[in-house]
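Derivation of every value follows stated rules applied to the coordinates shown; laboratory data play no part. Keep in mind that what you see is a predicted model, and the values were worked out from it rather than measured. Positions of Cβ are backbone-derived with ideal geometry, glycine not excepted, and every protein chain shown enters the neighbour counts.
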């Protein structure tokens, strides 16, 4: 379960195709299209995770920090490490679709409980 705290509609947003990892905490931030927030990561007020970028698991994106589109940020506090490429770029690009497909398969297999 992740925690999202909204401060103002002007400051908050999770765009289409973004993936939010388990136990992530988001407060007054923006996660752009196709970005991935790793498990246990924290995004503080006015931070921005660029399109198709990734905040690594456990990373803390401090107030007002920005990660450019297509880059990896990691650490406490999170720093931009490098442009995404190779398998990490492919995972970020496919993660939302992967979880959407899993949800559909799970839902299709549900059966009613009768007492």
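Tabulated data for the structure shown
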read-out	value
Max mean-square fluctuation residue, GNM over the chain, Cα-Cα springs under 10 Å, options 48, 105, 33	105
Over the chain: helical MRE at 222 nm, DSSP H runs n ≥ 4 each giving -39500 (n - 2.57), nearest 500	-7000 deg cm²/dmol
Helix 86-108 vs. the chain, principal-axis angle (Cα, 0 to 90°, nearest 10)	30
Peptide ranges 72-81, 38-47 listed from the most packed, as the mean C-beta count within 10 angstrom indicates	38-47, 72-81
Label point distance in nm, residue 39-residue 111, each placed 7 Å from Cα along Cα→Cβ	3.0
Length-normalised contact order for the chain - Cα pairs under 8 Å, 6+ apart - percent	17
Listed residues 53, 23, 87, most fluctuating in the chain (Gaussian network, C-alpha, under 10 Å)	87
GNM flexibility winner over the chain from 104, 49, 61 (Cα, springs under 10 Å)	104
Full-extension gain in nm, residue 104 to residue 62, via 0.36 nm per residue minus C-alpha separation	11.6 nm
